[in-house]
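Below is one structure; the comments refer to it alone.
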Amino acid sequence: MRKYRKQEHIENYLKTSFHGDPLFKDVFIQHYSLPGFAFNEIDTHVDFMGHSLDFPLMINAITGGTEFAEEINRDLARLAKDFSIPMAVGSQTIALEDEDAVESFTIVRETIGKDGLVFANLNGLLGPEEAKKAVKMIDADALQIHLNPAQELIMEEGDRDFRPVRENIRAIVASLDVPVIVKEVGFGMSSQVIQEIYDLGVRYVDVAGFGGTNFFEVENLRYPEEDYSELFSWGNPTCLCLLLAKDLGLKDLKIIGSGGIRGAEDLFKALVLGSDLGAISGELLNYLIHGGYAYAHQFLDQLQYKFKILMMLTGSKTIEDIKKVPYGLKGDLRSLYDTF
Ligand SMILES: Cc1cc2nc3c(=O)[nH]c(=O)nc-3n(C[C@H](O)[C@H](O)[C@H](O)COP(=O)(O)O)c2cc1C
């Protein structure tokens, strides 16, 4: 059952047509014509979790569990290795239940090698024992715990009782010897949720905001006789999540900006709004499925080049400089932000 669902998630994601808006278009950054450095002096390195990454992006959780998923994970891991960026595997619950599914996850560590950053992934209904197994399975450098009540509630076989989640997070943070990242799956996080997670001891949050992959639509495609389309606009747009997260002023909280990152400008704006790292899932999957590894590689290569163009055109020589770039807000983002 779980295996078919994993396969369907990929297939149905590729069939989705609703185009959500993470509101990157409402972030305005002024063009700066007097950069005082050479293009080859631009430094895109970033320190994250004790590692020096070549570029401030990670490949976010997508899949695992089937042969097809194994191929995808191998290609994603090759990309993560090529660009020296972290990668998260998809939810490992399937591999905790079925030994045959393990290889589709371990392929990621095998491909990336021992030096790359690899993140395990589970949902918040599992406890410390499962968390330890998931981390050990792929020798993970961190564990992602995903919060996905919206997705579960429209899955026929989905969970309906989320009472254990807070306590699981607290217990996992206390018992794992690697960091915990709490993430959404595309509906975003409010400042209250981020504050609560922080109070449970978590120091890495991935807002996974609204505007990219839409799990209401992905799941709805599994049930053609039902219509959930009126919920397709539900969620906190990525840019709003980032602004509110920054306003919390939690200095030791690392923020991963994700949800609807489709290119260099989105990533750049996510960093301007305070993300320590950006993350991408759906758009990279599109390139990989439609054109294979080489096409996805070219997409990331161009994204990296365009990102450096934006660094130069804002006078940002380093990633730290990006955080000081002034920005203006307009349109929906301006009015939404003003109401909180
Ligand atoms: C096909 C597919 C499967 C996914 N499976 C998982 C998963 O197993 N665990 C998880 O935490 N997130 C999962 N996600 C969510 C992504 O990690 C990410 O949070 C979300 O897609 C928003 O980013 P995006 O707009 O760049 O796709 C999945 C996304 C896609 C497209």
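Quick notes
- Hits in the stretch 226-259 (condition: farther than 16 Å from Ile181 by Cβ, more than 16 Å from the ligand (Cβ to nearest atom) and not acidic (Asp, Glu)): Tyr228, Ser229, Leu231, Leu243, Leu244, Lys246, Leu248, Gly249, Lys251
- Those residues of the stretch 172-220 which are in a helix (DSSP H, G or I) and touching a Leu at 6+ places or on another chain (Cβ under 8 Å), in sequence order: Ile172, Val173, Ser191, Val193, Ile194, Gln195, Tyr198, Phe216
- Within the stretch 176-186, considering residues that are more than 16 Å from the ligand (Cβ to nearest atom) and farther than 11 Å from Gly201 by Cβ, the one surrounded by the fewest Cβ atoms within 10 Å (Cβ to Cβ): Asp177
- Some residue of the stretch 151-162 being surrounded by 20 or more Cβ atoms within 10 Å (Cβ to Cβ) and more than 19 Å from Val202 (Cβ to Cβ): yes
- The set of residues in the stretch 34-49 being without any contact (Cβ under 8 Å) to a residue 24 or more places away in the chain and farther than 17 Å from Leu271 by Cβ consists of Ala38, Asn40.
- Tally, over the stretch 68-113, of residues that are within 9 Å of the ligand (Cβ to nearest atom), among the polar types (S, T, N, Q) and crowded, with 22+ Cβ neighbours inside 10 Å: 2
- Any chance Ala134 is away from the ligand (no atom under 16 Å from the Cβ), assigned to a helix (DSSP H, G or I) and at pLDDT 95 or above: no
- Gly65 fulfils the conditions (1) within 11 Å of the ligand (Cβ to nearest atom); (2) in a helix (DSSP H, G or I) except for a single criterion, (2).
- Restricting the stretch 198-225 to residues that are under 17 Å from the mean Cα position of the chain (by Cα) and within 15 Å of Leu250 (Cβ to Cβ), the residue that is farthest from the ligand (Cβ to nearest atom): Arg203
- For the stretch 260-299, filtered to residues that are part of a loop (DSSP other than H, G, I, E, B) and under 21 Å from Glu11 (Cβ atoms), the residue that is farthest from the ligand (Cβ to nearest atom) is Arg262.
- Scanning the stretch 231-264 for residues that are closer than 25 Å to Gln7 by Cα and not aromatic (Phe, Trp, Tyr) turns up Leu231, Ser233, Gly235, Ser258, Gly259, Gly260, Ile261, Arg262.
- Residue count, the stretch 20-59 (criterion: within 13 Å of the ligand (Cβ to nearest atom) and either modelled with pLDDT under 95 or in a helix (DSSP H, G or I) (or both)): 1
- Within the stretch 239-256, being loosely packed, with under 15 Cβ neighbours inside 10 Å and of a type outside the set (Asp, Glu) holds for Gly249, Lys251.
- For the stretch 103-125, the criterion of being among the polar types (S, T, N, Q), at pLDDT 95 or above, assigned to a loop (DSSP other than H, G, I, E, B) and closer than 19 Å to Val205 by Cα is met by no residue.
The values are calculated or read from the model by the stated rules, or taken from the named source; none is laboratory data. Owing to the predicted nature of the structure, the values given are computational and were not obtained by experimental measurement. Cβ coordinates were reconstructed from backbone atoms using ideal geometry, including for glycine residues, and neighbour counts include every protein chain displayed.
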